[in-house]
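Visitor: Below: one structure in structure tokens.
Where a number appears in this text, it was derived from the coordinates with a stated rule and is not lab data. None of the values given here were measured: they were computed from a predicted structure. Here Cβ is always computed from backbone atoms with ideal geometry, including for glycine, and neighbour counts include all displayed protein chains.
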Amino acid sequence: MMTSSSSHLRRRADVYVSIATALFSVLMLSSIAFKGWGPQDAGTLGNAANGVLEGGLPHVDFKDVYPGLQAYFHGAFFALFRSSIWTLRIAWLVVVGLTAGSLYFVVRDVTSRAVGALAAFGAVSVAFVFYPVSMPTWWNVMFAAASLAMIQRGFKLERPVYMAVAGLLTGVSLLVKPTAVLVAIPSFLWVLSRTKPRPAGSLEVSATVGAVVIGWVVSRSLSPSSVLLVLIPVLTCIVWIWVSRAPREASIRGSLSEGNPPAYYGAGVLLPAFSCALYYALVGELPALIQGWVVSPSERWDVGSVDIPIAVSGLLFLGLAALGLWSLQRRYGDWVASLVFVAGVGFLGIAFWLWFPTILIFAALWLPLVISVSGLVRTRSEEGGDFTVLVVSVGVVFAAVQIPLWSGVYTAYTLPLLAAGAVLIWRRQARLVTVLVVCAGMMLVMQANRDLLYQARPTAEAIQWVELEPNRGGIRIPVWHAHYNDLTQRVSAISGGSAVYAGPDAPEVVFLAEVPGAGFGPWEALDPDWSPEEVVALAGAGVPVIVNHNPSYSMAIPRPQLQEIYDALPLSESFGDFELRWRDSASSEP
């Protein structure tokens, strides 16, 4: 039996290894952290952070497409360093380190320290390498990993207060991006299912509500096959939690019967949102908060939805693969599970390498489905499998974050939690799983360092980079975006520090040029006040206009309104897809 002293030394050693894992992950990924970008994402995050630094309140003094807490996080980094895209990458590296350190504790109980550290590093490297930007979804992943570690610790030490900490972390994550609900629902169900006593039918009612909420979320995608492909693994996990609700003494190391852990967790989740809503109500701006939390995400969903024409045969393939895996595992044992897992990882790697969209989608959905079904089979009969139910269910349900965009970047968000879940499921082959994940991660990092990987897309030829020269730059960008250097320099010179309009969908221009934006949010499609006529009115008032002729989501300014802008602002220069228009000839000298 482990003494208190030895247990304390073991926990201290694990803390040291966790810190070392975090630092090593940051060191390895820092090699790719300061090159590549998504211009609109950079501008959206940077302008929101600046709005907070200037004393603004999200959704009241400036428009934010996210709930708002990410603006405060990034604003804190700006205050520590400087307002720049470089600083946003520092924030991203911090998220990388915290995720790796948390995932170490998630997998530690089924591995040695060395294997656990490598598994955590592999889980972050295989995913974060695809998009080195401090996106709110990466913060969701980090908070999810930390929350899982807290739940595990409370479960082992028989201290339900850790459930409150876990809930608080998830609640904070909800204020960063609403997709954290995909972490909150399976976590709450798991805590509820492991608690005795509890009201009769409470788990069944909660599971039904959770399934309805997730179903409503994914039902807004345009493709019925996409809905089914996401709901199958989600419902599998919810049923999994439900059928395993009676804990087996052999697999329970602690008791969650003391206190009221589900209430602790639920209160932790709700407290941040309630506190934020109370503050907005006290300052009389609750309607603005509702607009930012509910209306804007709904509109963003509608704007970003991408229909994926997946044939019914693809759905049948997924179902047959799951059933085949189930039956083979039950009959032949671990080696078949290992073989199928290796095939799944290889399938995913080929998808990213070849970048056939249909293959990628199959891989993105097939992997969580196989992992969830495998976990359902294996953890029902293995000692120590109870925590695996939690990690895998959170990972698989969080895979619904891919709805509605279905891009390589959104697939990458799902990989850290799925990788950790795979290590837990195949704990007897933890070294094999870890080697596979680490090799995949290192291969991708090397490809990125060879400039053959860009935003989850392999490239046939090495990317050529240029420095993003403005003070708010500090990173390297692809040569095809080199016009941003000249554009932002001219905007700064022509505006003289006064407001300009850049759009549609061009928040990065005003951020890099360090000038105020004229009136609209980062995506015009999400701003009910925006119309081409409003831009014409700004031009008529002499406000310089930077026209984006190729917006990502919003409609381009129609030709009749463009002509009115040209008439009002006769001077022009072109920079890639952008056209700068102004009327003050005194500012026209380069």
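Visitor: Based on Cα coordinates alone, diagonalise the gyration tensor for the range 1-159, multiply each eigenvalue by 5, take square roots, and list the semi-axes in whole Å, largest first.
Guide: 34, 18, 12
Visitor: Another question about this same structure. Sort 276, 237, 439 so that the residue with the fewest other Cβ atoms within 10 Å of its own Cβ comes first and the one with the most comes last.
Guide: Least crowded to most crowded, the residues run 439, 276, 237.
Visitor: Which whole-number percent of Cα pairs in the range 76-211 have a distance greater than 17 Å?
Guide: Working: 6008 of 9180 pairs.
Value for the range 76-211: 65 percent of Cα pairs lie more than 17 Å apart.
Visitor: Treat each spin label as a single point 7 Å out from the Cα along the C-beta direction, and report the residue 432 to residue 514 distance in nm.
Guide: In this crude label model, residue 432 to residue 514 measures out at 5.7 nm.
Visitor: Mind sorting 217, 510 by how few other Cβ atoms lie within 10 Å of their own Cβ, fewest first?
Guide: The most exposed by this proxy come first: 217, 510.
Visitor: How many angstrom lie between the C-alpha centres of the range 526-560 and the range 96-171?
Guide: That distance is 43 Å.
Visitor: Kindly provide log₁₀ I(q)/I(0) values, in the same order as q = 0.10, 0.18, 0.21, 0.22 Å⁻¹, from the Debye equation applied to equal alpha-carbon scatterers of the range 412-519.
Guide: Normalising to I(0) and taking log10 leaves -0.51, -0.91, -1.05, -1.10.
Visitor: Around residue 503, under 10 Å between beta carbons, what's the net of Lys plus Arg minus Asp minus Glu among the other residues?
Guide: Result for the neighbourhood of residue 503: -3.
Visitor: How much of the calculated P(r) for the range 387-475 lies past 22 Å, in percent of all Cα pairs?
Guide: The calculated P(r) of the range 387-475 puts 48 percent of pairs beyond 22 Å.
Visitor: Can you give me the Kirkwood hydrodynamic radius for the range 482-587, using every pair of distinct Cα atoms, in Å to one decimal?
Guide: Kirkwood radius, the range 482-587: 13.4 Å.
Visitor: Next up: Output the Kirkwood hydrodynamic radius of the range 409-453, Cα pairs only, in Å rounded to one decimal.
Guide: Numbers: mean 1/r = 0.0873 Å⁻¹.
After inverting the pairwise mean of 1/r, the radius is 11.5 Å.
Visitor: How charged is the neighbourhood of residue 112? Take every other residue with its Cβ under 13 Å from the Cβ of residue 112, and add Lys/Arg as +1 and Asp/Glu as -1. Walk me through the numbers before you get to the answer.
Guide: Details: positive: 10, 108, 113, 427, 431; negative: 14, 109.
Every neighbour counted, the sum reads +3.
Visitor: Rg to Rh for the range 1-91: what is it, with Cα atoms only and Rh by Kirkwood?
Guide: When Rh is taken as the Kirkwood radius, the ratio is 1.21.
Visitor: Let me ask something additional. Hand me the trypsin sites (Lys or Arg not before Pro) from the range 1-106 located in a DSSP loop with no more than 14 other Cβ atoms within 10 Å, in residue order please. Before the final figure, lay out each step's value.
Guide: Working: sites: 10, 11, 12, 35, 63, 82, 89; in loops: 63, 82.
Those that pass, being in a loop and sparsely packed, are 82.
Visitor: With Cβ to Cβ distances under 13 Å as the rule, what net charge do the other residues near residue 420 carry (K, R +1; D, E -1)?
Guide: Here the count lands on +1.
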